[in-house]
Amino acid sequence: MWSGTPLFPEAASTMAARVDALYFFLIGITAFFSILIAGSIVVFAIKFKRRAPDEVGSRIHGGFWLEIAWSVIPLIICMVIFVWGASVFFAMSRPPAESMNIYVVGKQWMWKFQHLDGQREINELHVPVGRPVKMIMTSEDVIHDFSVPAFRVKADVIPGRYSHIWFEATKAGTYQLYCAEYCGTKHSGMIGKVVVMEPNDYQQWLGGAAGEASLAGAGEKLFADLACNTCHREEGQGRGPLLKDLFGKTVELEGGPSVHVDEAYLRESILTPSAKVVKGFQPIMPTFQGLISEEGLLQVIEYVKSLKTPVPASAAPAGEHAPASAH
């Protein structure tokens with residue numbers, strides 16, 4: 001809508017229409033009450049102006065229904081905004097299960113992307129049209145903010161943790177990517193573009209990077225180079241927990257609590273392994289802080305996510321395929 005006006009960028013994702021509808025509703029409510037209040041002030045100022053120097057206005061006592069109206073009507077409007085906004089928020093924060101994962105690292109002053117197939121990009125991201133894309137994001141230095149106005153998506157990229165955002169592009173084309181959080185002297189130059197391609201064109205683009213190791217493959221090599229496989233052994237007899245089928249589970253920790261194994265937990269376990277020790281194991285794992293980059297962390301995490309027991313074709317329900325090794 002009104003793509004020629006800078007205030008209204010092109011809507012090019014499945015969430016854009018929902019965000020715009022809520023936005024225009026808020027503008028409409030604001031405009032209506034602004035005009036109502038301003039108009040009432042003008043009308044009452046003219047209608048009830050003092051017509052004689054000694055004229056005194058009459059006192060008005062009460063107005064039960066008026067007070068009920070100006071209490072209940074704003075409450076209803078606020079609840080509509082709250083419920084509507086919450087529904088959009090939850091939809092934007094819950095990516096579909098079939099989403100394609102792409103890792104993002106923000107760094108002064110560039111965006112670095114890693115695809116699961118191994119392709120790497122800087123300040124340019126290629127995605128297919130019509131497929132949900134989940135961005136798993138972190139920062140190497142300060143807080144950044146990943147923002148693509150045409151998709152109506154925006155989320156902080158925070159050092160030391162992972163944040164998520166997802167979108168599904170509906171139109172092929174090139175769209176601007178911005179850092180929407182002041183991050184230093186060259187903040188305005190931390191821009192990029194998202195290239196949305198037709199599925200066939202995207203597959204050809206993926207094929208152009210043939211020969212690169214997948215993200216999980218690079219993580220497997222790094223896992224061996226750091227000698228992680230000496231403790232996390234495949235047969236489960238090592239000094240560290242068995243990693244196969246670990247991702248996505250809930251594990252018990254020493255001291256009683258439990259934790260859900262996700263990207264954030266794996267990252268913490270690599271950098272500060274003594275923070276949350278799995279029950280039955282000793283806190284003997286050394287920290288890899290300073291020995292592994294953010295890209296390396298993503299590679300190892302994706303490798304751990306890929307360690308899944310294959311599901312036999314006969315075990316899958318009719319009409320379904322066995323799940324991929326990593327989601």
Is there a residue being at pLDDT 80 or above and exposed (fewer than 15 other Cβ atoms within 10 Å of the Cβ) anywhere in segment 310-321? no
Find the residue count for segment 159-179, including only residues that are in a loop (DSSP other than H, G, I, E, B), of a type outside the set (A, V, I, L, M, F, W, C) and either within 24 Å of Ala11 (Cα to Cα) or open to solvent by less than 20 Å² (accessible area, probe 1.4 Å) (or both). 4
Answer residue from segment 115-143, given it is among the basic types (Lys, Arg) and under 28 Å from Ala11 (Cβ atoms) and is least open to solvent (accessible area, probe 1.4 Å) among those: Lys134
Any residue at all in segment 180-190 that's in a strand (DSSP E or B), of a type outside the set (Gly, Ala, Ser) and over 17 Å from Glu10 (Cα atoms)? no
Here is a list: Ala31, Ala91, Ala97, Ala38. Which entry is of a type outside the set (D, E, K, R), part of a helix (DSSP H, G or I) and either modelled with pLDDT under 95 or within 21 Å of the chain's Cα centre (by Cα) (or both)? Ala91
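Out of Glu121, Glu140, Glu181, report the one residue that is of a type in the set (Asp, Glu) and without any contact (Cβ under 8 Å) to a residue 12 or more places away in the chain.
Glu121
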From the options Lys244, Lys249, residue that is open to solvent by 50 Å² or more (accessible area, probe 1.4 Å), touching an Asp or Glu at 6+ places or on another chain (Cβ under 9 Å) and not hydrophobic (A, V, I, L, M, F, W, C): Lys244
Consider Gln237 against the criteria (1) of a type in the set (S, T, N, Q); (2) open to solvent by less than 80 Å² (accessible area, probe 1.4 Å); (3) at pLDDT below 85: it satisfies all of them except one. Which criterion is unmet? (2)
Does segment 106-114 include one or more residues that are among the polar types (S, T, N, Q), surrounded by 10 or more Cβ atoms within 10 Å (Cβ to Cβ) and assigned to a helix (DSSP H, G or I)? no
Within segment 180-218, track down each residue that is among the aliphatic types (A, V, I, L, M), farther than 25 Å from Trp109 by Cβ and open to solvent by 70 Å² or more (accessible area, probe 1.4 Å). Ala210
Filter segment 57-78 down to the residues that are under 20 Å from Phe44 (Cβ atoms) and open to solvent by 80 Å² or more (accessible area, probe 1.4 Å) and list them by number. Ser58, Arg59, Ile60, His61, Trp65, Leu66, Glu67, Trp70, Ile73
Residues (over 18 Å from Gly106 (Cα atoms), surrounded by fewer than 19 Cβ atoms within 10 Å (Cβ to Cβ) and touching a residue at least 60 places away in the same chain (Cβ under 8 Å)) located in segment 263-305: Phe288, Leu291
Please identify the pairs in which a residue from segment 219-247 that is of a type in the set (Phe, Trp, Tyr) has its Cβ atom under 7 Å from the Cβ atom of a residue that is surrounded by 15 or more Cβ atoms within 10 Å (Cβ to Cβ), counting only partners at least 6 apart or on another chain. Phe223/Asn229; Phe223/Val300; Phe223/Tyr303; Phe247/Val261; Phe247/Val304; Phe247/Lys305
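The values are calculated or read from the model by the stated rules, or taken from the named source; none is laboratory data. Everything numeric here is computed off the predicted structure, so don't read it as measured data. Neighbour counts run over all protein chains shown; Cβ positions are idealised from the backbone, glycine included. Calculation scope for accessible area: heavy atoms of the full protein, side chains included, ligands and nucleic acids excluded. Shrake-Rupley method; radii C 1.70, N 1.55, O 1.52, S 1.80 Å.
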